[in-house]
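The values are calculated or read from the model by the stated rules, or taken from the named source; none is laboratory data. What you see is a predicted model; the values in this text were computed from it and never measured. Backbone-built Cβ (ideal geometry, glycine too); neighbour counts: all protein chains shown.
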Amino acid sequence: MKIDLHIHTSTGSDGAFSLEEIFREAKKRNINLMSVTDHDAIHHQPQAIGLAGKYGIAFITGVELNVTWEYHGRSVSLDFLGYNYNPNNRPLKKKLDLIRERRGIRAHKIIDNLNTEFNKENIPAFTEKDLNEMQAGVDGTLGRPHIADYLILKGIVGNRQEAFDKYLVKCDVPKYPLRLSEASELISNASGILALAHPNDPNGTSLVSVTTDLTEQTAIIEKYMLDYIDGIECWHSRNNAATTAHYFEFCRNHDLLMTGGSDCHQKPLLLGTVDVPDFVAGQFKI
């Protein structure tokens, strides 16, 4: 059985493929169970359910929520995956609409900050025309990855990493502060489950920003998060064997659900490349 429970699309957030393209590719790759987990977006989940039926793929509703978590007086950004919720739940839809609206405002403020940096380097400022061109290639909400791609297109940087290192970290604006307790309540009240995403991702939003020690990471989860989460993403495209084994054992000892997926944004196309065990489907009664 081939399983991928962490996929992004251009329809909902920062993927390169539309929802239709994702399902077409998933069928080609013989994926049996999947979830589309776009950032703070669930408006397209009914369409995804329809496409899953069309292509004969078992489907679980999904979303990736960015949470601002307070740890020893500092704000830490972490990602959580909501699964199997009711996509028509009104409080969840209303909150995510608000977060997406704030994401759009944030993107405009980041561009204002970029223009301040460009002025120092005698680079022409981004105008309303640039904003329209950025947005034209985005079905969802404009975010930092899209701005990075536009910086590459304009020849200002050579790749996404340079875009972030040179500009987008410095020019960042805080995200809407969704708290873990609120994220947990939203998903739970929509009859879903919440899982900590990629907890040891060296290149992403993870507990690595607090500690790289796996035992310390799970001690933090045990002390501060167990009341709010139902599971942990144990299989991920940037996990090493030690990370997967450690989190597998932790979940087993704490009776937590285990999830896994590629975190595919189609750059490169990782869809279905993570070896997620068949029993994961059974946890969702699939």
The range 247-286, residues that are acidic (Asp, Glu) and at negative phi
GLU249, ASP275, ASP278
Checking LEU51 against (1) among the hydrophobic types (A, V, I, L, M, F, W, C); (2) modelled with pLDDT under 95; (3) crowded, with 18+ Cβ neighbours inside 10 Å; (4) in a helix (DSSP H, G or I), only one condition comes out false. Which one?
(2)
Out of the residues in the range 202-224 that are touching a helix residue (DSSP H, G or I) at 6+ places or on another chain (Cβ under 7 Å) and in contact (Cβ under 8 Å) with a residue 40 or more places away in the chain, state the one that is surrounded by the most Cβ atoms within 10 Å (Cβ to Cβ).
LEU207
Top-ranked residue in the range 5-31 [being surrounded by 21 or more Cβ atoms within 10 Å (Cβ to Cβ), within 14 Å of SER262 (Cα to Cα) and of a type outside the set (A, V, I, L, M, F, W, C); ranked as modelled with the lowest pLDDT]
GLY15
Please count how many residues of the range 150-181 are surrounded by 15 or more Cβ atoms within 10 Å (Cβ to Cβ) and acidic (Asp, Glu).
1
